[in-house]
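A short write-up of the structure that comes next.
The values are calculated or read from the model by the stated rules, or taken from the named source; none is laboratory data. Worth saying up front: this structure is predicted, and the values here are computed from it rather than measured. Methodologically, a virtual Cβ is constructed for each residue, glycine included, from the backbone with ideal geometry; neighbour enumeration extends over all protein chains shown. Areas reflect the complete protein model, heavy atoms only, side chains present, ligands, DNA and RNA absent. Shrake-Rupley method; radii C 1.70, N 1.55, O 1.52, S 1.80 Å.
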Amino acid sequence: DIAGFAALMPYWDEGNPRTFQFQSLYLFVTVVFFTLFFAERTIERTELCLKAYTFGAVLSAMLGIMSYFDIGGIGTLWSRDQGRTAGTFDDPNLFGSYLTLSAVYLLQILLLGTTKRVVLTTVSYLLLIVAIFLSYSRGSWGALIGASLIMGLTGYLTAGSRGTRRRIALMSAIAVGIGVVAVFALLARPETRSFFLERATIAKDYDEGVTGRFGNQIRSIPMLLDRPEGFGPLRFRDFFHLEPHNSYIGAFANDGWIGGFSWIIIVVSSWFVGFRLMLVRSPYQRLAQIFFPTLLAWLLQGFQIDIDHWRQLFLCFGAVWGIEAARLRWIEQQRHEEHITTMQIKDETCPAGHMH
């Protein structure tokens, strides 16, 4: 963030870039807070966070669905963005991705059978799926599918028994079936079906061409290579009249080379830590299999959309690193206990005349 403020200096008098950079500072502070928060009493606090987050996500999903179908006149409160629902958010892409963490969480407790309210959990999960679909965000669709697959696969591979693996396989098939039925029910409406076919393409008109999203990104790379300080916060739009729609290019554009490479280091190190958390057995493994697949999916979304000011992204960063801190402390405790046990055994087996 220091690099970002350095890049901001020539444009300090401009309100939007200055506000943007202070928002970035706030978000970086939240990462530190969440890391410290989740590092202690980890299971209790992460589960509390997931439940509270999911309550808000399900409520937002309900409002988004009611807005889309204009149930009870609520569509006048939260208008649709060109046929897409955004719930209580301004952006359908942000709305759809925001719901991903809760969808992965609810799916995991359904797969593992750790919920006592199966019906309520299933209905809540279905609401999230429907709301994400109605956001018509291609990135959110991909994030949901990718994060769910990673969570299910790592859960299956690290399951402690054949019974658990069978349950995960069976419940995964049921969850897929529920999702497919819900989507086909929505596609029965001609309006929904036509808009889905319009959105379900890899690239839209505004993505292609020299002045399209991808064209701007390619044209910006040689310019950034000549500017170690970048363009300055929020100044990519001054050159290309659009946002970068790529958080990796955006990091170099907003914060210069130092900020861009720092962002890449943070992402790569988080990937390394996250995969290890998911695959190495510890008391926090199942929690990591919720947070990290979602974080990974969002970071991949960063190649096609600006995610650098998503608050939920920094929540997941903090959760992953907080869980890693708790895991390292747990390992040290295990080693300490093993050392004490070994010393006790030696004392018991050592002849009395040779005891120190």
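Whenever you get a sec, compute what percent of the accessible area on the chain sits on carbon and sulfur atoms (1.4 Å probe).
66
Over the range 57-192, one equal point on each Cα, no solvent: what is log10 I(q)/I(0) by the Debye formula at q = 0.19 Å⁻¹?
-1.05
Ranked highest first by average number of other Cβ atoms within 10 Å, how do 90-100, 225-235 line up?
90-100, 225-235
Mind grabbing the base-10 log of I(q)/I(0) for the range 13-112 at q = 0.16, 0.18, 0.22 Å⁻¹? Debye formula, identical points on the C-alpha positions, no solvent, two decimal places.
Debye intensities relative to I(0), on a log10 scale: -0.90, -0.99, -1.09.
Could you tell me which residue out of PHE303, HIS241, ILE323 lies farthest along the dipole of the range 213-327 toward its positive end? Charges go on the beta carbon: Lys and Arg +1, Asp and Glu -1, centred on the Cα centre.
Of PHE303, HIS241, ILE323, it is ILE323.
Quick one: putting +1 on the C-beta of Lys and Arg, -1 on the C-beta of Asp and Glu, what dipole do you get for the range 21-111 around its Cα centre, in Debye to the nearest 20?
The dipole of the range 21-111 has a size of about 100 debye.
Quick check for you: with a 1.4 Å probe and neighbouring chains kept, what is the accessible area per residue of the chain, in Å²?
Solvent-accessible surface per residue comes out at 51 Å².
Out of LEU48, VAL180, ASN93, whose Cα points farthest toward the positive end of the dipole of the chain (charges: +1 Lys, Arg; -1 Asp, Glu; placed on Cβ)?
It is VAL180, whose Cα lies furthest towards the positive end.
With only Lys, Arg, Asp and Glu charged, each at its Cβ (+1 for the first two, -1 for the last two), find how big the charge dipole of the range 52-189 is about the Cα centre; round to the nearest 20 debye.
660
Kindly express, to the nearest 10 degrees and within the range 0 to 90, the angle between helix 162-187's C-alpha long axis and the longest C-alpha principal axis of the chain.
Rounded to the nearest ten degrees, it is 10.
Under the √(5λ) rule applied to the eigenvalues of the Cα gyration tensor, what semi-axes describe the equivalent ellipsoid of the chain? Give them in Å, descending.
One finds semi-axes of 40, 31, 17 Å for the chain.
Take the eigenvalues of the Cα gyration tensor for the range 216-356, scale each by 5, and report the square roots as semi-axes in whole Å, largest first. Don't jump to the answer; show the numbers that get you there.
Working: eigenvalues 484, 51, 18 Å².
With the √(5λ) rule applied to the range 216-356, the semi-axes are 49, 16, 10 Å.
Let me have the 222 nm mean residue ellipticity of the chain computed from DSSP H runs of 4+ only, each contributing -39500 (n - 2.57), with the sum over all residues rounded to the nearest 500. It would help to have the intermediate numbers written out before the result.
Values: 14 runs with 259 residues, N = 356.
Dividing the helical sum by the residues of the chain leaves -24500 deg cm²/dmol.
Let's see if you can work this out: charge +1 on each Lys and Arg Cβ, -1 on each Asp and Glu Cβ, no other charges. What is the dipole magnitude of the chain about its Cα centre, in debye to the nearest 20?
Taking the Cα centre of the chain as origin, the dipole is about 1360 debye.
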